[in-house]
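S.K.: The structure's right below; bear with me while I get my questions together.
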Amino acid sequence: MKPHVTYQQLKTLCSPEEPRLPERPSPAQPKDFRCILVVAILATMLGAALLIHSLVLPVHRLGSVGGVAAPSLDNTCSDPCRIVLVESIPEGLAYEANSTLSPSTSEAWRNLLRGARSTVDIAAFYWTLTNADTHTQDPSASQGEEILAELLQLTGRGIATRIAVNPPSSRQPSSDLQALEESGVQIRKVDMHRLTTGVLHTKFWIVDRTHLYLGSANMDWRALTQVKELGVAVYNCSCLAQDLGKMFEAYWALGLPNATIPSPWPDKYATPYNKQTPLALQLNGTDAGVYISSAPPALCASGRTEDLQSLLSVIDGARAFVFVAVMSYLPTMEFSHPRRFWPVIDDHLRKAAYERRVRVRLLVGCWRHSKSEMFPFLQSLAALRDNRTHYSVEVRLFVVPANETQAKIPYARVNHNKFMVTDKVAYIGTSNWSGDYFLHTAGSALVVNQSLVEPGGRATLREQLQAVFERDWDSQYSQELSSLGQWEGLCGAH
């Protein structure tokens, strides 16, 4: 319930600063009566709301923690939402027995496609689901080819399918897209470089406006078998899927010829769900406050939290630890000319360690395409660690091993994760951590707060994500920072 009397209206009725008529022994003035009546109605409505709050909506116990505010009564979703953490583990990468393992990305994608009944919308950076696009003969491409075959059957099943994609480059051919278009799929190429000087880097699916995938995996066969990825599949959650759908519709509108970014965005793209007023729902039967953030700022309609502000608020809300797994970490505008220093995220991590004694761990991808200028910045951050002052900042490199055959696969064998987990919140995104991704490039993130769920029940998404991070941190593929020579040897940095 939401009162329809505003504070200003109540003030007009009851303001003690208004001129008063001379006092008379007669009954109260009509304005006094109106004031009493309004206050009585509001008190009754508040009491009813509190009763509903206590009896029906225990999810509102979440409170304002970890950079996510308490959900409001108007932001409640009753869908039986189910969320599954999904991963791609590269072939040849093996963990110790009894290690945390999640369902595979390819399994999640197949489930979404086979369960589709009416619509499939996909926003993606590029498409290379077949060997033909990458000019390799690796048998592990079969998983991507199976996904493409499923996609090609959608329109024949009567399922309206749309793809928003970055315009293909010479390195990213479009044979997949051509085949999909010939099958009846609608495709729009969003020229983010013209619009914001960035790219469409986001990676998400929406199925039947009810189910979704969001994570680090591109529409690439290597993302299923040769690259380490992490994301979430969410089922039976129309409230969240339809909110993500507003972001897809924005991309779709920008894919028209000569499109421009509206300012402001029309109301149909606005959202009530953000870090101040997250969506209140149950994930796997446990209370959660959830919202989806977006980058760059120019693509954020009214109410949408900018992805950078989302990320910083999660760091600032941490009280015990901040664990980050990301392919690339650079406190710079990575693609700008001339060079620009951009220490925004770096400053917040340092502040958390220095002011609140938060434990910070950063696990960064290490591969042949790692930029050599990244490593001195990582070493600088790691230098905060000090046994006398007890600042706790640790940085490690995650190295995906490759045999002789795997090493020949282009743009593979890397930890491509883009997530953060704190003692309060799980953050799963699509962006690398440098300035361009948040200021110019289209990306998205799912932010989940389950911090006040009573311990001892089913593991929350946050707890599962923490377990994945700690598995990777403690694994044989996690390497300590050392000399520059070692970095070049491990990563083949250029």
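The values are calculated or read from the model by the stated rules, or taken from the named source; none is laboratory data. Predicted, not measured: the structure shown is a model, and the values here were computed from it. Glycine gets a Cβ as well: all are built from the backbone with ideal geometry, and neighbour counts include every protein chain shown. SASA here: full protein model, heavy atoms, side chains in, ligands and nucleic acids out. Shrake-Rupley method; radii C 1.70, N 1.55, O 1.52, S 1.80 Å.
S.K.: Right, ASP121: open to solvent by 10 Å² or more (accessible area, probe 1.4 Å) and outside any strand (DSSP E or B) or not?
M.R.: Values: open to solvent by 10 Å² or more (accessible area, probe 1.4 Å): yes; outside any strand (DSSP E or B): no.
It is false that ASP121 is open to solvent by 10 Å² or more (accessible area, probe 1.4 Å) and outside any strand (DSSP E or B).
S.K.: In this structure, does SER294 turn out to be closer than 29 Å to ASP79 by Cα, modelled with pLDDT of 95 or more, in contact with a helix residue (DSSP H, G or I) (Cβ under 6 Å, 6 or more places away or on another chain) and of a type outside the set (A, V, I, L, M)? Give the derivation first.
M.R.: Values: closer than 29 Å to ASP79 by Cα: yes; modelled with pLDDT of 95 or more: yes; in contact with a helix residue (DSSP H, G or I) (Cβ under 6 Å, 6 or more places away or on another chain): yes; of a type outside the set (A, V, I, L, M): yes.
Yes: the conditions hold for SER294.
S.K.: Another question, if that's okay. Out of the residues in region 187-200 that are assigned to a loop (DSSP other than H, G, I, E, B) and open to solvent by 10 Å² or more (accessible area, probe 1.4 Å), which is nearest to GLY443 (Cα to Cα)?
M.R.: Taking region 187-200 first, the residues assigned to a loop (DSSP other than H, G, I, E, B) are 190-191, 197-199.
After this cut, where a residue has to be open to solvent by 10 Å² or more (accessible area, probe 1.4 Å) as well, the list is 191, 197, 199.
Working: ASP191: 14, THR197: 14, VAL199: 9 Å.
Here the residue is VAL199.
S.K.: Within region 441-456, restricting attention to residues that are out of contact with any Asp or Glu (no Cβ under 8 Å at 6 or more places or on another chain) and either in a loop (DSSP other than H, G, I, E, B) or at positive phi (or both), which residue is modelled with the highest pLDDT? So that I can check it myself, show each step before the final result.
M.R.: Here is the first cut: in region 441-456, the ones out of contact with any Asp or Glu (no Cβ under 8 Å at 6 or more places or on another chain) are 441-442, 446-449, 454-456.
Those still in the list that are either in a loop (DSSP other than H, G, I, E, B) or at positive phi (or both) too: 441, 454-456.
Numbers: THR441: 98, GLU454: 78, PRO455: 75, GLY456: 74.
The extreme case among them is THR441.
S.K.: If I ask for residues that are under 13 Å from LEU363 (Cα atoms), touching a strand residue (DSSP E or B) at 6+ places or on another chain (Cβ under 6 Å) and surrounded by fewer than 19 Cβ atoms within 10 Å (Cβ to Cβ), which ones from region 375-398 would you list?
M.R.: ALA382, GLU394, listed by residue number.
S.K.: Hey, any hits in region 316-323 for a residue that's surrounded by fewer than 23 Cβ atoms within 10 Å (Cβ to Cβ), among the aromatic types (Phe, Trp, Tyr) and closer than 17 Å to LEU461 by Cβ?
M.R.: Taking every residue of region 316-323 in turn, at least one turns out to be surrounded by fewer than 23 Cβ atoms within 10 Å (Cβ to Cβ), among the aromatic types (Phe, Trp, Tyr) and closer than 17 Å to LEU461 by Cβ.
S.K.: Still on this structure: When you go through ALA295, ALA325, ALA270, ALA250 one by one, which is the residue that is small (Gly, Ala, Ser), free of Cβ contacts under 8 Å to residues at least 60 places away in the same chain and closer than 21 Å to TYR437 by Cβ? Can you show your working first?
M.R.: Details: ALA295 fails: free of Cβ contacts under 8 Å to residues at least 60 places away in the same chain; ALA325 fails: free of Cβ contacts under 8 Å to residues at least 60 places away in the same chain; ALA270 fails: closer than 21 Å to TYR437 by Cβ.
None of the other options fit; the residue is ALA250.
S.K.: Further question: Let me confirm something: among GLU404, GLU334, GLU394, which residue is within 23 Å of GLN479 (Cα to Cα), outside any helix (DSSP H, G or I) and touching a residue at least 24 places away in the same chain (Cβ under 8 Å)? Steps first, answer last, please.
M.R.: Details: GLU404 fails: touching a residue at least 24 places away in the same chain (Cβ under 8 Å); GLU334 fails: within 23 Å of GLN479 (Cα to Cα).
The unique qualifying residue is GLU394.
S.K.: Scan region 339-347 and give yes if some residue there is out of contact with any His (no Cβ under 7 Å at 6 or more places or on another chain), open to solvent by 30 Å² or more (accessible area, probe 1.4 Å) and closer than 30 Å to ASP267 by Cα, otherwise no.
M.R.: no
S.K.: Oh, and also: Quick check on this structure: which one of ALA149, ALA141 is small (Gly, Ala, Ser) and either at positive phi or in contact (Cβ under 8 Å) with a residue 24 or more places away in the chain (or both)?
M.R.: Only one candidate qualifies: ALA141.
S.K.: Identify all residues within region 438-450 that are crowded, with 22+ Cβ neighbours inside 10 Å and out of contact with any His (no Cβ under 7 Å at 6 or more places or on another chain); write none if there are none. It would help to see each step written out before you state the result.
M.R.: Step one: filter region 438-450 for residues crowded, with 22+ Cβ neighbours inside 10 Å, giving 438, 440-450.
Correct list: PHE438, HIS440, SER444, ALA445, LEU446, VAL447, VAL448, ASN449, GLN450.
S.K.: Can I ask one more? Sort through ALA288, ALA280 and tell me the only one that's in contact with a Ser or Thr (Cβ under 7 Å, 6 or more places away or on another chain), over 30 Å from GLN143 (Cα atoms) and crowded, with 24+ Cβ neighbours inside 10 Å.
M.R.: Being in contact with a Ser or Thr (Cβ under 7 Å, 6 or more places away or on another chain), over 30 Å from GLN143 (Cα atoms) and crowded, with 24+ Cβ neighbours inside 10 Å holds for just one of ALA288, ALA280, which is ALA280.
S.K.: How many of the residues in region 151-186 are open to solvent by less than 30 Å² (accessible area, probe 1.4 Å) and not in a helix (DSSP H, G or I)? Let's see the steps before the verdict.
M.R.: Let us first name the residues in region 151-186 that are open to solvent by less than 30 Å² (accessible area, probe 1.4 Å), namely 151, 154, 159, 161, 163-166, 172, 176-177, 180, 185.
Now narrow it down to the ones that are not in a helix (DSSP H, G or I): 154, 159, 161, 163-166, 172, 185.
Residues meeting the conditions: 9.
S.K.: Quick one: would you say ARG413 is at pLDDT below 95, assigned to a loop (DSSP other than H, G, I, E, B), more than 23 Å from ALA353 (Cα to Cα) and charged (D, E, K, R)?
M.R.: Working: at pLDDT below 95: no; assigned to a loop (DSSP other than H, G, I, E, B): yes; more than 23 Å from ALA353 (Cα to Cα): yes; charged (D, E, K, R): yes.
No; evaluated as a whole, the condition is false for this residue.
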